[in-house]
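We did not get these values from a lab; they are worked out from the coordinates using the rules stated. Computed from a prediction, not measured in an experiment: that's the story for all the values here. Cβ sites come from the backbone with ideal geometry, for glycine too, and all protein chains shown count toward neighbours.
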Amino acid sequence: MRNKLTIIFIMFVLFTKAQLNSDCKTNEDFQIRLSKFRYTLYADLMPQKEKIINYMDSFFSDTSSVIYKKSKKFYLDNNTDIKKFQKYEIEKYSKIDIDFEKFKNDTSFNSILSDTISWSYFSSIISSYCYLTFSPISYAFSLNNMLLARSRTPSEMGSSAIINSLAGPLVKTKMLQDNKWEIIIDNYEYIFIYEFNLSDNKIKVTKVLKRL
């Protein structure tokens, strides 16, 4: 049985982490449009509270839903600006430095990462929100929490959320080639390393490190 608490938590992180402020003028208009668009979704989401909680998987994978259609239309109408926003967002973290010396490779996540069926399922759930976030960093954060939720209780995840709202993970990005970027997230306990492709929004975990 799918862990709906995990998915609910992922959605919460996606929606909160995606509220990114930018000083770059070229992205200001898009961020305003995005904020206004997301506000319009309340009218469609509020009447479906029960369905969202009890049928999370099917709700967000339903391509015939009003939410999906509206979000897809917004994505297509603003595709050029979205790509510029994503490129700006991922580039602005390139000057951050992360200290790897206090971490070691954590093999406990290997079974999850090598489980093609399980990973495909969770990746599809995460990608269901891509039309609502448009953020490579939020995308990576959501996967962080999905992976951690596999080995933690809801109360442990809740306390982690509070700690992370007071403190804050370090994010480092590095271009690998063309539109392919490495996203590194250091949340003090773990370092998660992802590979993200700006051209198709696909992401994968390449390594997980744990603090010594």
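List of remarks:
- The 3J(HN,Hα) values that the Karplus relation (6.51, -1.76, 1.60; θ = phi - 60°) gives for the stretch 74-82 are, in residue order, 4, 4, 5, 5, 10, 4, 4, 5, 5 Hz. Gly and Pro appear as x.
- When 46, 146, 157 are arranged by Cβ crowding within 10 Å, least crowded first, meaning fewest neighbours, the order is 46, 157, 146.
- Karplus-derived 3J(HN,Hα) values for the stretch 164-172, using 6.51 cos²θ - 1.76 cosθ + 1.60 with θ = phi - 60°, are 6, 7, 8, 8, x, x, 8, 10, 10 Hz; glycine and proline are entered as x.
- Segment residue 179-residue 46, length gained on full extension (0.36 nm per residue, minus Cα span): 44.2 nm
- Amide hydrogen neighbours beyond the local backbone of residue 94, cut-off 5 Å, H modeled: 173
- Model label points for residue 102 and residue 202, set 7 angstrom from Cα along the Cα-to-Cβ axis, are 3.6 nm apart.
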